[in-house]
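Derivation of every value follows stated rules applied to the coordinates shown; laboratory data play no part. All of these numbers come straight from a predicted model, not from anything done at the bench. So basically every Cβ, Gly included, is an ideal-geometry build from the backbone, and we count neighbours across all protein chains shown.
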Amino acid sequence: MNRRPLPTAVLISGRGSNLKALIDAHDRGELAADLRGVISNRPRAAGLEFARAAGVPDFVVDHHAYPDRAAHEAAVAAALDRLAPELVVLAGYMRVLTAPFVERYLGRMINLHPSLLPRYPGLQTHARVLEAGDEWHGSSVHFVTPDLDAGPVLAQVRMRVQPGDDAGGLAARLLPLEHRLLVGAVELFCTGRVQWRNGRVLLDGQPLQRPLILEDDGSMR
Ligand code: GRF
């Protein structure tokens with residue numbers, strides 16, 4: 001599909017390796033996004049350097065500088081709205097969002113979550129997979145709705161748990177898969193193949209019946 005690059009903003013809190021994956025894909029000409037800006041709630045987030053190196057405007061909205069969650073979110077929303085994004089990507093953004101903020105960007109905000117949702121919303125997903133003795137782990141990109149990590153899942157990548165895996169090892173093995181998953185999902189949105197309409201996710205104009213799966217060959221099926 002031939003379209004104008006989609007105005008996109010990315011929210012981060014830390015390392016920013018997924019942001020870097022988006023920037024790299026964009027620089028390779030593989031992402032139809034206009035990366036308008038990166039916002040971090042942490043002034044020392046390492047990922048800010050990736051934005052700076054790529055010439056993507058970066059903004060810090062430090063949550064410690066605001067009296068409460070609502071005030072911080074209002075400042076993030078103000079910074080976001082100046083970028084006029086049509087897509088907001090939460091890439092390792094570690095703040096729980098309130099319903100008013102989520103509703104403001106409903107249908108145009110997606111999050112990367114390190115589990116095969118609906119399993120393991122919230123934190124410590126790798127450890128919880130191991131505790132449960134699951135055979136499979138993975139990561140999901142989902143639309144953000146007011147309930148934490150519970151919005152419709154657009155795409156997932158799956159990875160087999162290996163004997164001897166610990167939580168750190170699982171996270172490290174999953175990370176490069178997450179990079180590919182996020183790039184693929186953002187591209188689907190930017191090209192208009194995936195759309196949100198009245199609370200439903202459409203793929204190529206049809207309701208998405210189940211999450212797309214990122215295959216080893218890089219395709220999403
Ligand atoms: C990823 O594992 C993502 O699933 C989770 O936070 C991590 C972010 O990593 N939400 P990075 O900051 O993009 O390197």
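Data table
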{"quantity": "Subset tally (residues that are among the β-branched types (V, I, T) and without any contact (Cβ under 8 Å) to a residue 60 or more places away in the chain) for the range 161-206", "calculated": "3"}
{"quantity": "Test: residue in the range 115-126 that is within 29 Å of I23 (Cβ to Cβ) and away from the ligand (no atom under 15 Å from the Cβ)", "calculated": "no"}
{"quantity": "Considering residues of the range 156-193 that are surrounded by fewer than 22 Cβ atoms within 10 Å (Cβ to Cβ) and in a strand (DSSP E or B) only, the residue nearest to the ligand (Cβ to nearest atom)", "calculated": "M159"}
{"quantity": "Failed item in (1) in contact (Cβ under 8 Å) with a residue 24 or more places away in the chain; (2) among the basic types (K, R); (3) more than 19 Å from L154 (Cβ to Cβ), with R128 passing the rest", "calculated": "(1)"}
{"quantity": "Filtered residues of the range 75-97 (kept if surrounded by 14 or more Cβ atoms within 10 Å (Cβ to Cβ) and either in a helix (DSSP H, G or I) or β-branched (V, I, T) (or both))", "calculated": "A75, V76, A77, A79, L80, L83, V88, V89"}
{"quantity": "So V129, is it of a type in the set (A, V, I, L, M, F, W, C), in a helix (DSSP H, G or I) and closer than 17 Å to L22 by Cβ", "calculated": "no"}
